[in-house]
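Before any comments, here is the structure.
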Amino acid sequence: MAGNSPLVGVLALQGDVREHEEVLSELGVLHRQVRNAEQLAEVDALIIPGGESSVIDKLTRIFGFRDDIVAAIRGGLPVLGTCAGLILLADRITGGLDDQQTFGGLDVTVERNAFGSQVDSFETSIDMPAIGGAAIQSSFIRAPIVRDAGSAEVIATLPSGEIVGVRQGNLVGISFHPEVSNETRVHDWWVRTVVVPSLG
Amino acid sequence: MAENTVGTLRIKSGLADMLKGGVIMDVVTPEQARIAEDAGAVAVMALERVPADIRAQGGVARMSDPDLIDAIKREVKIPVMAKARIGHFVEAQVLEALEVDYIDESEVLSPADYVNHIDKTNFTVPFVCGATNLGEALRRITEGAAMIRSKGEAGTGDVSEATKHIRTIKSEIAALAAKNSDELFVAAKELQAPYELVKWVSENGKLPVVLFVAGGVATPADAAMMMQLGADGVFVGSGIFKSGNPIERAKAIVKATAAYTDAKVIAEVSRGLGEAMVGINVNDLPAPHRLAERGW
């Protein structure tokens, strides 16, 4: 990315942090790991990676960091969530742990682990009209599905009709992992059309 | 529009990618699985006896009863792993039919084949395998393992073997990365691993799959030390449920693993945990009782 790159944080408590950093490096986007409120305050945008959503939720509470993330999202921080990150951005979830919380922000209902166990995880390619070009390489790993997109815009669906990507303002959540599929176009699109314009 | 494809290496190793920075806990009952999930485990390993008990009780250790695995799967929503004996491809077929999320082809159980490991490329479910050095790790990856854990010495509470194995694997990777391309052919011969895989590790300076640590982790400081040595995450076997206060110890190890560079956090979570598992010094174990020497 030429010129003034935004500084993108990757929430680095648990999950596939490294893969997101590799995509951002490949795109030439400045990035850093975010593990606490001070680091969060320094970034222009945040990626919530794949991982175990219930664990990321617990760790943000244990380390007294959850309220800062929620406040940043409410304050308009651009956020991209993949898989667990989509779950954590959803206002409502089903199939979660009894005490599982989310940060919220997307007016959607997401079903956790909606495809079954790991033997049902799969790779495919999906059309994302907002991004255009060839179909997007995507990995669905014990992935969630958006059961009700509420007032959010649907940006990705499977051929079967299931909603696997939504956008609402500065928040983008997808069920799948472009970052483990050698696929950089989703991150590139998010940085160019969501993050950079938010910098004014 | 492409068809959906299951069981690719990317999907298998992808789940391991999602477990990074996390703790995988051995559990022998649904109640223990609940404690592990509540404490923040990223996955549980369902088995009939933890390694410390296998050691104490002796006899042949085998795959768990499917009823136990089903009960644990019903109890928790995080991924459930289970162990098959080295080389026992039918136990692995059974575990795949039970839809566990990962199979551990494990030296903690009694080997079923002293020559061959399971051909893991035949399965849709992913496998994790143990290794004590780089060559062993690369041979397991060649057989289809999508995740490696250093072996350590399970059921001892003595972290010294875990330390040795992660250090060995890391330093052998660094040595490979420093080699010239014309030296890689002999390196492949010495590692007893395929040239293409050896070349990939040399060029990328890492394993092509996630590397966790196992075998002897008993305290929050043990877990954080493994992370600082370069592990992607930690397996804790007997260390939690053979200790005085499993609930608090499980939570403490999760926190220390996530905040592994923050000594203040590690100090805080190490307070008041009660007794750690009693432990056995690895040097006191007669060689035939060392599990890490199973698998080759």
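The values are calculated or read from the model by the stated rules, or taken from the named source; none is laboratory data. This is a predicted model, so every value here is computed, not measured. Neighbour counts run over all protein chains shown; Cβ positions are idealised from the backbone, glycine included. The accessibility values were calculated without ligands, DNA or RNA, using every heavy atom of the protein model including side chains. Shrake-Rupley method; radii C 1.70, N 1.55, O 1.52, S 1.80 Å.
Show me you know the interface measure: the accessible area buried between A and B, both chains summed, probe 1.4 Å, in Å² to the nearest 100. The A and B chains share an interface burying roughly 3300 Å². At a threshold of 50 Å², the residues of the range B:53-79 that become less accessible to a 1.4 Å probe in the full protein assembly than in their chain on its own are B:LYS77. What are the lysines whose alpha-carbon lies under 16 Å from the alpha-carbon of A:LYS58, with same-chain residues fewer than 8 places away excluded? Candidates past the 8-residue exclusion: B:LYS20, B:LYS77, B:LYS251, B:LYS255.
Average accessible surface for the range A:27-80: 36 Å² per residue, computed with a 1.4 Å probe over protein heavy atoms with every protein chain in place. Within the shell defined by Cβ-Cβ distances under 9 Å, the residues around B:ALA131 carry a net charge of +3, with Lys and Arg each +1 and Asp and Glu each -1. Extension gain for B:ARG74 to B:GLN228 (0.36 nm times residue separation, less C-alpha to C-alpha distance): 52.0 nm. Do you know which residues of the range B:15-32 lose at least 10 square angstrom of accessible area in the protein assembly compared with their chain on its own, with a 1.4 angstrom probe? Buried-area filter returns B:LEU15, B:ASP17, B:MET18, B:LYS20, B:GLY21.
Of the solvent-accessible surface of chain B, computed with a 1.4 Å probe and all protein chains present, 50% belongs to carbon and sulfur.
Distance between the 7 Å Cα→Cβ label points at B:GLU190 and B:GLU3: 4.5 nm. For a test of the definition: using alpha carbon positions, the gyration tensor, and the 1.5 limit on a/c, classify chain A as rounded, prolate or oblate. Note, shape of chain A comes out rounded.
Per-residue ellipticity at 222 nm from helix content only, as computed over chain A with -39500 (n - 2.57) for each DSSP H run of at least four residues, stands at -6000 deg cm²/dmol.
Give me the percent of accessible area attributable to carbon and sulfur for the range A:65-170, probe 1.4 angstrom. Let's see the in-between values first.
Details: 1580 of 3580 Å².
Accessible surface attributable to carbon and sulfur in the range A:65-170 totals 44 percent.
Legend: P(r) of the range B:155-199 from all alpha carbon pair distances, 5 Å bins from 0, whole percents, reading 5, 21, 24, 19, 11, 9, 7, 4, 1.
Given axes a ≥ b ≥ c from the Cα gyration tensor, I'd like to know whether chain B is rounded (a/c under 1.5), prolate (a/b larger than b/c) or oblate.
Rounded is the answer for chain B, as its axis ratio a/c remains below 1.5.
Can you work out the accessible area per residue across the range A:143-195, with the rest of the protein chains kept in place, probe 1.4 Å, in square angstrom? Intermediate results must be reported in sequence, preceding the final value.
Numbers: 1680 Å² over 53 residues.
On a per-residue basis, the range A:143-195 sits at 32 Å².
Accessible surface computed residue by residue for chain B, with neighbouring protein chains in place and a 1.4 Å probe, gives 39 Å² per residue. For the range B:229-264, there are no residues whose amide N sits under 13 Å from a probe point set 7 Å from the Cα of B:ARG34 along the beta carbon direction.
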